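Working notes, beginning with the structure itself.
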Amino acid sequence: TDSAHVGLGFTLAYAGAKALRELLDGELSALILNEDPTSNERLAARCAARFRTTGWNGLAARAYAAIDIALWDLKAKLAGLPLYRLLGGARSSVACFAGDLAPLGSDSAQTLKLAKPLLEQGVLGVSVDVGSGEVQLDADRVQQIRDGLGENAWLGISADGRYDLATALAMAHFYEEDVGIDWLEAPLPAEDRIGYQRLAERMEVPLVLGSNFDDRDQFRSWLERGEVRVLRPDILRLGGITPFLKIAALAEAYRVNVVPYRLSEIGVHLACGLPNVPFADWSQGLSSLFATPLKPVGGKLLPPETPGHGVELNALVSS
């Protein structure tokens, strides 16, 4: 900005990162330079309109997420408030689960080695990625993790749409009845509406969906149907904090909880700022970039109390 205030944003792409960077340095920057940085709604709409003919969803939205996060960081700094207080200040800390300790193909013994010290500190539990293509392998791995963590630990299962309906029905019964899980995330592809209806009719634990949704209308259509009881918006995929807030407000009207997908550095502010975000996903994917990586304290995540989101790049990245 023209003043001394600086907003920091960041994003992530596992593919197309060079194109994402070019979007940031080129067209997107040209659309926001010399504009009022507190006008996050107008700037988001302006950038989305620029890409309407080619499609906003995908790399354009993921690139803009870095800008939007920076704008919210700046807005909170100008207000002299931590971001979570600017967003509403619903709570000063939030319970969390470890979201990236059990990726697909990981060893259950290694997951337990990393998870047990966290549970002793009060972290709720872990989310386990499944859908290896070998049902028995999934079952054995999940059971081993449950046995190692104990029956009182929170345990989430995420399949990223890798199961077909027959497999999902069988595995959901096993996970719910034999293992004891706390939610089942994306067991089927999102387009299998009939499959989700059948699962919802047979399950007591919450069905969770949304990490691969690109816009508010996808969330709205699932809220209207009623099968999904927890939404998992991806802040980066959606294009930042601005669209996330709209989805959270929509979910609150349907009495559905929201848990941000990964990106804990921002997720902690959303969870502490908004009333219908009951806990957070603590994942460490970007932690090596930051001067003070976010870590649970007494099993909970505490948002930084400095104005803005409180995230600073470490010296190596900054140089």
Q: Go through the stretch 13-118 and name the chymotrypsin sites (Phe, Trp or Tyr not before Pro) that are in a DSSP coil and have 16 or fewer other Cβ atoms within 10 Å of their Cβ.
A: 14
**Q.** GNM top mover of 211, 93, 132 - the chain, alpha-carbon springs below 10 Å
**A.** 132
Q) Mind listing which trypsin sites (Lys or Arg not before Pro) in the stretch 243-288 are in a DSSP loop and have 13 or fewer other Cβ atoms within 10 Å? A) 255
Q | Beta bridges per DSSP with both ends in the chain, % antiparallel, nearest 5 | A | 15
Q) From the backbone phi of the stretch 221-236, what are the Karplus-calculated ³J(HN,Hα) couplings (6.51 cos²θ - 1.76 cosθ + 1.60, θ = phi - 60°) in whole Hz, Gly and Pro given as x? A) 5, 6, 5, 5, 6, x, 6, 8, 10, 9, 9, 10, x, 9, 4, 6
Q. Given a 1.4 Å probe, how much area per residue of the chain is accessible, in Å²?
A. 46
Q: With label points built 7 Å along Cα→Cβ from the Cα atoms of residue 2 and residue 191, find their separation and express it in nm.
A: 5.0
(Q) Give the separation of the Cα centroids, the stretch 196-270 to the stretch 23-76, in Å. (A) 22
(Q) Under a crude label model (7 Å from the Cα following the beta-carbon direction), how far is residue 250 from residue 215 in nanometres? (A) 1.0
Q) Using modelled backbone amide H atoms (1.01 Å from N, in-plane), which distant-in-sequence or interchain residues come within less than 5 Å of residue 158's amide H? A) 128, 129, 130, 185
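The values are calculated or read from the model by the stated rules, or taken from the named source; none is laboratory data. Treat the numbers as computed from the prediction; the structure is a model and nothing was measured. Cβ coordinates were reconstructed from backbone atoms using ideal geometry, including for glycine residues, and neighbour counts include every protein chain displayed. Surface areas here come from the heavy atoms of the whole protein model, side chains and all, with no ligands, DNA or RNA. Shrake-Rupley method; radii C 1.70, N 1.55, O 1.52, S 1.80 Å.
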